[in-house]
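See below for the structure under consideration.
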Amino acid sequence: LMAPTPQRRQNDSATFASEILEKLTYAIGKNPAAARRHDWLEATTLAVRDRIIDHWLESNQKTTESGEKRVCYLSMEFLIGRLLRDAISNLGLTQSVTEALAVYDVELDMIELLEPDAALGNGGLGRLAACFMESMASTGVPAFGYGIRYVHGFFRQEVVDGEQVELPENWLMHGNPWEFERRENSYEIGFGGKVAAIDEPGKPPRQIWRPGERVLAVAYDTPIVGWRGNHVNTLRLWSAQSLDPILLDAFNSGDHIGALREANKAEAITRVLYPADSHQAGQELRLRQEYFFSSASLQDIIRRHLKAYGTLHNLSDKVAIQLNDTHPAVSVAELMRLLIDVHGFAWDEAWTITQATFSYTNHTLLPEALETWPIHLFERLLPRQMQIIYAINAQTIREATQKGLDGGKITAISLIDENNGRRVRMGQLAFVGSHAINGVSALHTELMKETVFHSLHELYPSRIQNKTNGVTPRRWLMQANPGLTALVTDAIGPAFLDNVEKLADLDALATDAAFREKFMAVKLENKQRLAKVIEERLAISVDPGAMFDIQVKRIHEYKRQFLNIIEAIALYDQIRSHPERNWQPRVKIFGGKAAPSYAQAKEIIHLINDVARVVNADPSVQNLLKVVFIPNYNVSLAEIIMPAADLSEQISTAGLEASGTGNMKFALNGALTIGTLDGANVEMLEHLGEENIYIFGLTAAEVAARRREAHSGRSIIENSRLLREALDSIVKGVFSPDGQERYASLVSNLYNNDWWMIAADFEAYWQTQRKLDDLWQDTPSWGEKAVRNTARMSWFSSDRSIREYAKDIWRAGPGAPAS
Ligand code: 26Y
């Protein structure tokens, strides 16, 4: 008998129909009569997965044979959402799968909704990692994403009596057909214990770490398919398991619960995603998570490299490791430990390899979000890594002193913060361990140089560079907005599907009335789809003809949902006092989660819901104003919301939003933006032209100046009747008759301090909103600007971001010099 070779799968609908039936029968064990919708989803997923595997094996073989450099993207978060539509669309299978399912009277659109969202992330940073994974596959950059396989992803949000309630999320409940457990790729991860000095005759003295605890990291792989299936990369997520699942002594002596103690402790490491994205809690379990996935990923990278090359001297020629913020920054110390203690390298060469291999992306300047760890905790959990950090610090300070930096600057670059009870600064560690450090928008990168990394930038002036974020046009245009995709294909041809820059051809059609009308007709359909969701979930009926004014993102004081809802209140007052004026109908839509421990953010959610209840029940504003808070904002909801927006709210206090990526998704789908000169809004202004974006408010420099002058909102509020009356109505309990005191502190903060410049920016915001009202009446002008937004956003594709990283930081991917 000859050894068989696997047959590449055919993609016609008849083959699909028979394979879906085969999966249903032999993988799930049901016949069509007994199959529930979920079974059809699983059978379809498995049939599609077979096609992915063909491409996946091919991609891996090609990369291994060519010896191309690989990118390893280390991230605590991957906010990927659903994968079925992504895979089907990128493989060009939409039509055959749809037709195949029709044979069984099953609709793809229905079953794909049953796939759970993989919500292994909080927000922007995690979603960026997911867009980057898709773009690396689409642009042919060989890559591994490395992260954590949380059993419970980001919590599910419900709103009960106007307040956020957090519920556990359980995405693995029905199993996960996308992942492959790789038991053979398991690594031991140590914690605690002691470091011993070993002095053998004839050999240089060395340190050896003897951990007090060990857990096992087991790999789970998910294939990530690029556009047209040309390349498939791997997302490798680590799950923690006990090396000793049952303590036999305890078990045999009858202590059956106690026997599982170790297993529970080990498995706790990967049980849940921390739901705070702006305030470091400093929990030991979080540091365990960070080290666990860093060490597992590095051990995996080293094992693969040694298998291919037999040496680690050339590691940085073959691997680029990107640190997604400081969450994996302990990797710098861990790679040094592995090189020196395990693989026998001398310090200097280990350091050269480490720096050449790592690069680091910073996503925030907010002091409360910068990670630092108490020395005593670090030392107890990771004693050898702590020694290495001290040594890196001594070396860095020596270098700074030689270059003549003064005491204040030395304090600023030190890896140890001596002011708050001695802590390890993870930003400084990531910076010195990397050859390139990047910010995520032009403004943010400049601010990094001026603030958090001022002194390190002086010491290493060529290391910081900018890489403005982007979003994948496959998910955020083609899949989320099939109506617009069809219209654009019809108007300018399909070339933009492969080269999104071609969207620029639409610009010429912005003044074509017939095209504009079709464009706005697609927008209306998308708004009807969202209106249906709002009706079904909240029993609020909204008019799809009204302006959909949307702010969806994490709830945070700096993002200023509070400013938006105050404007809604002022508008509500004005419509009632001046009903004769020419008000334009609006639906103000909000969505987003607050960190469970973030009290002010939760109050803002409560206020939005309180205002919504009152406004939506008031017949005097019925057709002019509605306020909606959509619970449980997530990737799948974003796919419905982005295409349905007329107006996108990007109103953060200038200088505080590193980039934003929702801003890009909205504008790509033809929403106009009202926003501050913050993050990537600044670059959107450059690409869109100032007629096509509505910018207001203080600049980052002005905000910084006011904060230095101890600005307060009192005189501004006293001089603005609109703002004062809106705030008075909040305090008087107009929206909270059952809780008069509820918002007293939220409002008094504006009078006494106004740290987020809400009072300071209110008037400019209000005026800009009224300009947008005027524009809304002028349908052709609004349509023209909407078309120009779609036409001019292509630069914000994550393909462009990835090509810049590949060229300037990783030296990997198509076109990279062979090494
Ligand atoms: C340390 C812990 C508290 C922490 C956990 C998560 C700190 C930060 C985060 C997440 C930060 C984040 O999502 N940042 C966002 O990154 C986006 C992608 O670069 C930016 O577009 C966005 O402006 C930024 O807030």
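Laid out as a table, the results:
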{"read-out": "Some residue of segment 119-140 being in a strand (DSSP E or B) and modelled with pLDDT under 95", "value": "no"}
{"read-out": "Residue match in segment 270-288 (condition: at pLDDT 95 or above, assigned by TED's automatic domain parsing to the domain that holds Ser239, outside any helix (DSSP H, G or I) and away from the ligand (no atom under 16 Å from the Cβ))", "value": "yes"}
{"read-out": "Single unsatisfied condition, Gly404 versus (1) farther than 29 Å from Leu656 by Cβ; (2) in a helix (DSSP H, G or I)", "value": "(2)"}
{"read-out": "Neighbours by Cβ (under 9 Å, 6+ apart or cross-chain): first from segment 322-344, within 16 Å of the ligand (Cβ to nearest atom); second assigned to a loop (DSSP other than H, G, I, E, B) and of a type in the set (A, V, I, L, M)", "value": "Leu323/Ala329; Asn324/Met76; Asp325/Met76; Thr326/Leu370; His327/Met76; Pro328/Met76; Val330/Leu382"}
{"read-out": "Selected residue [aromatic (Phe, Trp, Tyr) and part of a loop (DSSP other than H, G, I, E, B)] from Trp766, Trp755", "value": "Trp755"}
{"read-out": "Residue list for segment 241-265, restricted to those being within 20 Å of Phe292 (Cβ to Cβ) and among the polar types (S, T, N, Q)", "value": "Gln241, Ser242, Asn264"}
{"read-out": "Within segment 431-447, tally of residues that are more than 20 Å from the chain's Cα centre (by Cα) and in contact (Cβ under 8 Å) with a residue 24 or more places away in the chain", "value": "7"}
{"read-out": "Residue within segment 51-66 that is farther than 17 Å from Phe180 by Cα, under 35 Å from the mean Cα position of the chain (by Cα) and of a type in the set (A, V, I, L, M, F, W, C) present", "value": "no"}
{"read-out": "Yes/no for Trp351 being exposed (fewer than 15 other Cβ atoms within 10 Å of the Cβ), in the same structural domain as Gly427 (by TED's automatic domain parsing) and more than 14 Å from the ligand (Cβ to nearest atom)", "value": "no"}
{"read-out": "Among (1) touching a strand residue (DSSP E or B) at 6+ places or on another chain (Cβ under 6 Å); (2) within 30 Å of Leu656 (Cβ to Cβ); (3) more than 16 Å from the ligand (Cβ to nearest atom), the one test that Val552 misses", "value": "(3)"}
{"read-out": "Those helices (runs of 4 or more DSSP H) lying entirely in segment 631-745 with at least 2 residues surrounded by fewer than 21 Cβ atoms within 10 Å (Cβ to Cβ)", "value": "635-641, 681-688, 700-708, 714-719, 721-731"}
{"read-out": "Residue within segment 459-466 that is more than 30 Å from Ala508 (Cβ to Cβ), buried (at least 24 other Cβ atoms within 10 Å of the Cβ), more than 16 Å from the ligand (Cβ to nearest atom) and touching a residue at least 60 places away in the same chain (Cβ under 8 Å) present", "value": "no"}
{"read-out": "Single unsatisfied condition, Met386 versus (1) in a helix (DSSP H, G or I); (2) of a type in the set (A, V, I, L, M); (3) in contact with an Asp or Glu (Cβ under 8 Å, 6 or more places away or on another chain); (4) within 16 Å of the ligand (Cβ to nearest atom)", "value": "(4)"}
{"read-out": "Residues that are within 16 Å of the ligand (Cβ to nearest atom) and surrounded by fewer than 23 Cβ atoms within 10 Å (Cβ to Cβ), drawn from segment 90-122", "value": "Asn122"}
{"read-out": "Close pairs (6 angstrom Cβ cut-off, 6 or more residues apart or separate chains): aromatic (Phe, Trp, Tyr) in segment 631-659, more than 13 Å from the ligand (Cβ to nearest atom) and not in a loop (DSSP other than H, G, I, E, B) anywhere", "value": "Tyr633/Val552; Tyr633/Gly591"}
{"read-out": "Failed item in (1) under 30 Å from the mean Cα position of the chain (by Cα); (2) outside the structural domain of Ile575 (by TED's automatic domain parsing), with Ala818 passing the rest", "value": "(1)"}
{"read-out": "Residue match in segment 241-264 (condition: among the basic types (Lys, Arg), more than 16 Å from the ligand (Cβ to nearest atom), in contact with a helix residue (DSSP H, G or I) (Cβ under 9 Å, 6 or more places away or on another chain) and over 30 Å from Lys559 (Cα atoms))", "value": "yes"}
{"read-out": "Residue ID - surrounded by the most Cβ atoms within 10 Å (Cβ to Cβ), chosen from residues in segment 769-819 that are part of a helix (DSSP H, G or I) and acidic (Asp, Glu)", "value": "Asp799"}
{"read-out": "Members of segment 330-362 that are part of a loop (DSSP other than H, G, I, E, B) and within 21 Å of Val195 (Cα to Cα)", "value": "Val330, His343, Gly344, Phe345, Ala346"}
{"read-out": "Residue that is at pLDDT 95 or above, closer than 22 Å to Asp549 by Cβ and not acidic (Asp, Glu), where the choices are Asn749, Asn789, Asn719", "value": "Asn789"}
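The values are calculated or read from the model by the stated rules, or taken from the named source; none is laboratory data. If you're wondering where the values come from, they're calculated on a predicted model, not measured in any experiment. A quick note on method: Cβ atoms are made from the backbone with ideal geometry, for glycine too, and the neighbour counts reach across all protein chains shown.
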